[in-house]
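Only one structure is covered here, and it is reproduced in the block below.
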Amino acid sequence: MKPSIQLLLAFSAFAVVDAVDDWLSPPYKWLFQFPLPIPPVKDFSKVVTSPVTGKDIRYYQIEIKEFKSQVYPDRGPATLWGYDGMSPGPTLVQERGVESVVRFVNNARLPNSVHLHGSYSRAPFDGWAEDTTPPGCQNARTLWYHDHAIDHTAENAYFGQAGAYILHDGAEDALNLPSGQYDIPLILTAKQYNSDGSLFSPANEQTSLYGDVIHVNGQPWPHFRVEPRRYRFRFLDASISRTFFLYFERDTKQGTKLEFNVISSDAGLLSGAQKVKDLYISMAERYEIVMDFSNYKGENVTLRNARDVGADKDYPETDKVMKFIVSDDSVNDPSSVPSSLRAIPYPPDTGKVDRHFRFERQSGNWVINGVTFADVKNRVLAKPNRGTIETWELENSSGGWSHPIHIHLIDFKVVKRTGSRSVMPYEAAGLKDVIWLGPGETVTVAAYYAPWDGVYMFHCHNLIHEDHEMMAAFNVSVLADFGYDETHYIDPMEARWRAKQQSPAAFDDSAIESRIKEMAGYSPYDKVDEVNAKLQSYWATHTGPVNPPPASTTTPKTSTTSSTIVTSTTSKAASSTTTAKTTSTTKTTKTSTTKTSTTKAATTTSNSGSSKKQKVEKEEKEEKEKEKDKRRSGGPSYRRRLADLLGLHFEFECFELLLIFSFAYDFHAHFFHGYELLSLR
């Protein structure tokens, strides 16, 4: 007998406990009545032959545009802005080592920054518009692409700009995990709606927006019909402020948690499957699980969220996520879950803590060690030597909030957690790029700071906190005597890559093909293994790290090709071009000549104790407050200042921006409404 949807509604009010706030949105009365939408996989529209490798480069185009979403059946639609006019955006599935080009056409209303989260890039391009990275050299993993525009990340991501990116490695197929139609992305968000059905905006929020309407793949509290067999679910918490503590239970036996296997985290497969009954997941974290429904034929299984988790506010239905309706059919399930999945290249224990960072709220500001990202002279908080292991202690001293911390460039090992929780088994069994700091918690992480040198960011992924400056930088120091002949892409001011006017013809097929081939020729990441091997040799004869990074730490020993991505924003105006500069490796990294350059900020000093210094600091503080006011209101003056902060230099009539990177690596492509940005990866 098939279970009915009406039966599902009988349990919608179960487990309401104390400390549950009333609805902020209009009450949502249709729990589990609508099916789970599965974001479509994006197809490439063109293939270009690489002049370097002779292999195919796949070309995609995605438009960021407005669309309507009927969230409440009895109210008006919500207006959203999403990739290809949907939220979540289309899923991008990429084979490891395959070159790709994606053009993002920005027809949204706010500045945008496309960021592939879960990969690494060369330092000068990580967070700056000239962002160069190579093709799929990382191991298979679930990543996600989302907006990363300074001061607008929360609003843009909340209104729809996020999607799943899956990096597939054929070697993983031998594990026989569930695949194809049994491999499902589950993108979690929590939102708040106005009385007319429109989406409440987080633009003026100062602390958090937890949301009282839980969405999965864009649908509030959906149901999903499954067969009685194993499924692979790829969880991503794409909320701007809400954390989750997930568990499954049978509707016929409520209160009893069901077992499942966690097989993967941020940085890919774990060392082995971890059998658990619940899962903590905070903003920007990814976990993959295998759930076996074979023992629940003809039943309903609910995915639930525990009450009173972290610092989140609870609302009437936020303890529920979605419903699985298990058929009573007999099916063949050839999949399995091996106990051993892969060898993890953990950094060895150094026996010491190198740095301590406090994440807290001071005088209304979100700070890291008392510093905000707007403090350009002091925001570089660490300078690890390239190729060394460092252990960082991350402390959440804010009692009322959670801070999921994302560190760019590296995958880290979770060493220790103190506070209300210990290290979870699925945190210990793999590497991560985001770690959840609950209220009062301190977490210790260790990582190789390799293979690249340069300035990178780390920040809180509560996007309200990030937009209010809870972000800092670390500078992986140049090894002056490294002696390796490598090219540095360091100067965003090089004349040939400065913004310049172009005609619309620059965007026809022949022009796109020409530009892709040109940019593919730069290939700045095609010797990653060689760089790691050289770092091994260097630290074998120098004092520094306890152990040098193995060549396979960030990149398996396989041949790779450069990859290219195109992002573009259409405009009636002409466009201009910007990209990265190449220089000899015998030179140390140059700084931008702009006043607000991050690298310059790392080296700026002042004469303490002088009255002149005090006067300057006072003026800078006043100027900072003025900039914050401008930031809240936006406008051309702030946008030019933003360009300086990012190391961008262009005229704002219209521009085309070129970047080299791979879809297996970290990228940021910053652009504004009505402007054309072309980034090649």
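The table below gives the values:
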item	result
Set Ala129, Ala140: member being modelled with pLDDT under 85, surrounded by fewer than 24 Cβ atoms within 10 Å (Cβ to Cβ) and over 15 Å from the mean Cα position of the chain (by Cα)	Ala140
Residue among Val71, Val41, Val47, Val98 that alone is out of contact with any helix residue (DSSP H, G or I) (no Cβ under 7 Å at 6 or more places or on another chain), of a type outside the set (Ser, Thr, Tyr) and modelled with pLDDT under 90	Val98
Filter pass, Arg242 being basic (Lys, Arg) and part of a loop (DSSP other than H, G, I, E, B)	yes
One residue from Leu175, Leu209 being among the aliphatic types (A, V, I, L, M) and either surrounded by fewer than 22 Cβ atoms within 10 Å (Cβ to Cβ) or free of Cβ contacts under 8 Å to residues at least 24 places away in the same chain (or both)	Leu175
Extreme residue, farthest from Ile464 (Cα to Cα), among residues of segment 217-245 that are among the aliphatic types (A, V, I, L, M) and surrounded by 22 or more Cβ atoms within 10 Å (Cβ to Cβ)	Leu236
Lone unmet requirement of (1) touching a strand residue (DSSP E or B) at 6+ places or on another chain (Cβ under 6 Å); (2) under 26 Å from Lys29 (Cβ atoms); (3) in a loop (DSSP other than H, G, I, E, B) for Ile344	(2)
Filter result for the condition that a residue is under 30 Å from Leu209 (Cα atoms) and within 27 Å of the chain's Cα centre (by Cα), over Arg355, Arg361	Arg361
Close pairs (6 angstrom Cβ cut-off, 6 or more residues apart or separate chains): more than 24 Å from Leu269 (Cα to Cα) and in contact (Cβ under 8 Å) with a residue 40 or more places away in the chain in segment 390-412, buried (at least 23 other Cβ atoms within 10 Å of the Cβ) and among the β-branched types (Val, Ile, Thr) anywhere	Leu394/Ile405; Leu394/Val443; Ser402/Thr243
Filter result (farther than 30 Å from Gly85 by Cβ and either part of a helix (DSSP H, G or I) or polar (S, T, N, Q) (or both)) within segment 163-192	Gly170, Ala171, Glu172, Asp173, Ala174, Leu175, Asn176
Top-ranked residue in segment 405-415 [being surrounded by fewer than 23 Cβ atoms within 10 Å (Cβ to Cβ) and under 21 Å from the mean Cα position of the chain (by Cα); ranked as nearest to Val528 (Cα to Cα)]	His408
Tally, over segment 216-233, of residues that are part of a loop (DSSP other than H, G, I, E, B) and either of a type in the set (Ser, Thr, Tyr) or at negative phi (or both)	4
Where Thr153 falls short, out of the listed (1) farther than 28 Å from Leu303 by Cβ; (2) at pLDDT 60 or above; (3) β-branched (Val, Ile, Thr)	(1)
Which listed residue, of Ala450, Ala429, is under 19 Å from Leu236 (Cα atoms), touching a Gly at 6+ places or on another chain (Cβ under 7 Å) and among the hydrophobic types (A, V, I, L, M, F, W, C)	Ala429
Enumerated strands (runs of 3 or more DSSP E) restricted to segment 395-507, each holding at least 3 residues that are more than 30 Å from Ala273 (Cβ to Cβ) and at pLDDT 85 or above	454-460, 471-476
Residue among Val434, Val337, Val331, Val353 that is under 23 Å from Val309 (Cα atoms) and of a type in the set (Val, Ile, Thr)	Val434
Residue within segment 253-265 that is over 23 Å from Leu437 (Cβ atoms), without any contact (Cβ under 8 Å) to a residue 12 or more places away in the chain, outside any strand (DSSP E or B) and not charged (D, E, K, R) present	yes
Cβ pairs under 9 Å, 6+ apart, first in segment 363-388 and without any contact (Cβ under 8 Å) to a residue 60 or more places away in the chain, second part of a strand (DSSP E or B) and of a type in the set (Lys, Arg)	Gly370/Arg358
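So that you can scan it fast, the table gives a plain yes or no per residue for (1) among the hydrophobic types (A, V, I, L, M, F, W, C); (2) surrounded by 20 or more Cβ atoms within 10 Å (Cβ to Cβ):
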residue	(1), (2)
Ile344	yes, no
Gly351	no, no
Val367	yes, yes
Phe373	yes, yes
Arg379	no, yes
Lys383	no, no
Trp392	yes, yes
Ser398	no, yes
Trp401	yes, yes
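The values are calculated or read from the model by the stated rules, or taken from the named source; none is laboratory data. Small disclaimer: the values here were computed from a predicted structure and weren't measured. As a convention, Cβ positions derive from the backbone with ideal geometry for all residues, glycine included, and neighbour counts pool all protein chains shown.
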